[in-house]
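Asks: First, the structure itself, so that you have it in front of you.
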Amino acid sequence: MTTGTKQENWRDVIAERLRGRNRNETSRYADIIAYNNRLFDAAAKLRQENLELKIDKKIRDSSGGTAGADLAAITNAQIQALEKKVLAQQEELTDLHKRKGEHSQSIITLNQKLTELQRTLNEKERFLAEQCAMNVAIRDELEELKTLHITIKDESLASQLRANAAEEKLRAVQDENNKLLALLMEYKSRDAEIMNKENDKFFKEKKARIESELERAIKDIPGPSSLGGIGSDMDRFDFGSDGPPEGIEFKFDAHDGEVNAVRWSPVERVVATGGADRKVKLWDVGKGICEPRGALVGSNQGINSLEFDSTGSLILAASNDFASRVWTVSDQRLRHTLTGHSGKVLAAKFLGTTFLVTGSHDRTLKIWDLKNRSCTETKFAGSSCNDLVTTDSFSIISGHFDKKIRFWDTRTADCTANDVPLQGKITSLDLSKDGKFLLCCVRDDTINLLDLRQNKIVRTFRHDLYKVGCDWARIAFNPTCQRIAAGAADGSVYIWNINGPLETVLKDPKSDRHWFFHSGSGAAVTAVSWHPFSSVLASVDRAKKCTIWSNA
């Protein structure tokens, strides 16, 4: 039997029961109603008889006579008896009317209750219908869920089988990857050996060329160079001296604003400086005096870093106008303008002979092809890059605002090794010539020496009076990698031995009036750079000055 049939039978049963109850309640008053009707009929009959008697009385009164008097006496007695009877019946009728009213009120009350019960019944029937419909919907949904559960279970089994197959493929790929990685490491070691041999050959040839130039320069000097003559340029910088710089040789106004970068040319007696006045300036400091060599223009905002290529023919500058630029040193012409960063470029370095890499405040590193003047790859570091170094044509090391050093390979998209966390923001990096050690200047007023073979800090340089002057303060290894130089916030330059002790603090005596109280008054030194073949040091500061320090 269907649900609709059950519902109709149930309603019929309830309606039949209500009709039966109505009949039972009504049957109790059936006798009263019939008796009441009979009383009405009797009362009507009596009123008719009374009317007829009144008519007969009028007739007798009009006819007169003695016999009429006797008859009137009898009639009066009957009339009185009838009147008494009528009064009794009227009282009884009144009582019946009263009872009828009470019964009518009871009937009205019962009808109201019946209406309320009918309304309640309708509401319950509607609620029951809704519940039945809901139950049907729930039952259908439950059936659908059961079907869906079975489908999902089957799909889960199929997914598990696919996952197992994928895991097997992954293990096979990992094994193959490990083999390829081992092969790659072997090839890289071979390349490194070849590169080392080529570097040794290059440096030997370079040394031989320098020695021959020295010999020719010495022959051209009239008299011994120790007697005060100018001598050769290489003699002037005391290539054989092992001591640190002792004092100022030159100090001059380099720019119209703060000086942010300084770099020695690898082949000439030229120092390049970059400042907030949007210029890169070249200075010849190898003839006993400082002479301007030229100004490289084209940048729209301040210069943040400088870099010569290995031949000294090109100079690369990073700028606050979101771009990097390359000039030729010989004719001082702008050759390349590389745009694409969305923040100021804080560091730029040559990567091999035809590529360069830039690090920006927009938290990316970009690799550029100088031949095509285009960006070939963008690496997302996740933090502002304050400085970077390159170890070969493929490897990049970057220092970041989030206190981490990251390692990159141009042949892969992500970092090639675990990040090295430090205790503060990294302002500068410098790499030793053998590529084994990395120097890191940190904003917590320390300098850390990182062993790249172990990826851990092996030495920390600090001093109570040494304070890092700015977020882009540059430090440097000396040519033999036996010393490090770092500019301080008080205008002095600190020089440590690579083994740990502080060797000397270079400071301009003119700005050292408060040195007795351990409080220097000079402008903060922003960058330092060692001459590539001597212990001569160049430093620049925020007071527009460039200082050449030497031990001559």
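The values are calculated or read from the model by the stated rules, or taken from the named source; none is laboratory data. Fair warning: this is a prediction, and the values are worked out from it, not measured in the lab. A quick note on method: Cβ atoms are made from the backbone with ideal geometry, for glycine too, and the neighbour counts reach across all protein chains shown. Surface accessibility is based on the protein's heavy atoms, side chains included, excluding ligands, DNA and RNA. Shrake-Rupley method; radii C 1.70, N 1.55, O 1.52, S 1.80 Å.
Asks: Between residue 111 and residue 149, how many nm apart are label points set 7 Å from Cα along the C-beta direction?
Replies: Computed distance between label sites residue 111 and residue 149 equals 5.7 nm.
Asks: Per residue, what volume in Å³ does the convex hull of the Cα atoms of the stretch 369-476 enclose?
Replies: Expressed per residue, the convex hull around the Cα atoms of the stretch 369-476 is 113 Å³.
Asks: Can you pull the one-decimal nm distance between simple spin-label points at residue 174 and residue 53, each 7 Å off the Cα toward Cβ?
Replies: 12.8
Asks: Now a separate question. Carbon and sulfur: what percent of the chain's accessible surface (1.4 Å probe)?
Replies: Solvent-exposed carbon and sulfur of the chain make up 53 percent of the total.
Asks: Local charge sum around residue 403 (other residues, Cβ-Cβ under 10 Å, Lys/Arg +1, Asp/Glu -1)?
Replies: Residues close to residue 403 contribute a combined charge of 0.
Asks: Please grab the % of Cα pairs in the chain that end up more than 33 Å from each other. Don't skip to the end; give the middle numbers.
Replies: Details: 94760 of 152076 pairs.
Of all Cα-Cα distances in the chain, 62 percent exceed 33 Å.
Asks: Just grab the label-to-label distance for residue 467 and residue 119, each label 7 Å out from Cα along the Cβ direction, in nm (one decimal).
Replies: Taking the simple label geometry, residue 467 and residue 119 are separated by 8.8 nm.
Asks: Heavy-atom accessible area of residue 264 with all protein chains present, probe 1.4 Å, nearest 10 Å²?
Replies: Ignoring ligands and nucleic acids, residue 264 comes out at about 10 Å².
Asks: Right, something else. Using Cα atoms only, what is the angle between the long axis of helix 3-27 and the major principal axis of the chain, expressed in degrees (0 to 90) to the nearest 10?
Replies: The angle comes out near 30 degrees.
Asks: Among all the lysines, which ones have a C-alpha under 26 Å from residue 467's C-alpha, if same-chain residues fewer than 8 places away are not counted?
Replies: Straight-line reach from residue 467, under 26 Å: 251, 344, 403, 404, 425, 456, 507, 510, 544, 545.
Asks: Ordering 437, 350 from largest to smallest accessible area (1.4 angstrom probe), what's the sequence? Walk me through the numbers on the way to the answer.
Replies: Values: 437 55, 350 20 Å².
Listed by decreasing accessible area, they come as 437, 350.
Asks: Right, something else. Any idea what the dipole of the chain comes to, in debye rounded to 20, about its Cα centre with Lys/Arg Cβ at +1 and Asp/Glu Cβ at -1?
Replies: With only Lys, Arg, Asp and Glu charged at Cβ, the dipole is about 960 debye.
Asks: If r is the Cβ-Cβ distance from residue 24 to residue 131 and R0 is 35 Å, what FRET efficiency results, to the nearest 0.05?
Replies: After rounding to 0.05, the efficiency reads 0.65.
Asks: Quick one: length gained pulling residue 102 to residue 85 fully straight, 0.36 nm per residue minus the C-alpha distance?
Replies: Value of the extension gain: 3.6 nm.
Asks: So if each residue of separation counts as 0.36 nm, and I subtract the Cα-Cα distance between residue 201 and residue 12, what length gain in nm does that give?
Replies: In short, 56.7 nm is gained.
Asks: A further question follows. Order the following by accessible area, largest value first: 97, 149. Probe radius 1.4 Å; ligands, DNA and RNA are ignored.
Replies: 149, 97
Asks: Net charge around residue 442, counting only other residues with Cβ within less than 9 Å of its Cβ (Lys, Arg = +1; Asp, Glu = -1)?
Replies: +1
Asks: Still on this structure, I have one more. Ordered by packing density, taken as the mean number of other Cβ atoms within 10 Å over each peptide's residues, highest first, how do 247-253, 471-477 rank?
Replies: Ranked from most to least packed, the peptides come out as 471-477, 247-253.
Asks: So, one more: Rank 420, 166, 112 by how far each Cα sits towards the positive end of the charge dipole of the chain (+1 on Lys, Arg Cβ; -1 on Asp, Glu Cβ) and give me just the farthest.
Replies: Highest projection toward the positive end goes to 112.
Asks: Per residue, how much accessible surface does the chain expose to a 1.4 Å probe? Answer in Å², no decimals.
Replies: Details: 32230 Å² over 552 residues.
Ligands and nucleic acids excluded, the figure is 58 Å² per residue.
Asks: On the full set of protein chains, 1.4 Å probe, figure out the accessible area of residue 185 and give it in Å² to the nearest 10.
Replies: Roll a 1.4 Å probe over it and residue 185 shows about 110 Å².
Asks: How large is the accessible surface of residue 211 in square angstrom, using a 1.4 angstrom probe and rounding to the nearest 10?
Replies: Approximately 90 Å² of residue 211 is accessible to the 1.4 Å probe.
Asks: In Å and from the alpha-carbon atoms only, list the Rg and Dmax of the stretch 460-502.
Replies: Taking only Cα atoms of the stretch 460-502, I get Rg and Dmax of 10.2, 27 Å.
Asks: Based on the Cβ-Cβ distance of residue 371 and residue 193, what FRET efficiency does E = 1/(1 + (r/R0)^6) give at R0 = 30 Å, to the nearest 0.05?
Replies: That pair, residue 371 with residue 193, gives E of 0.55.
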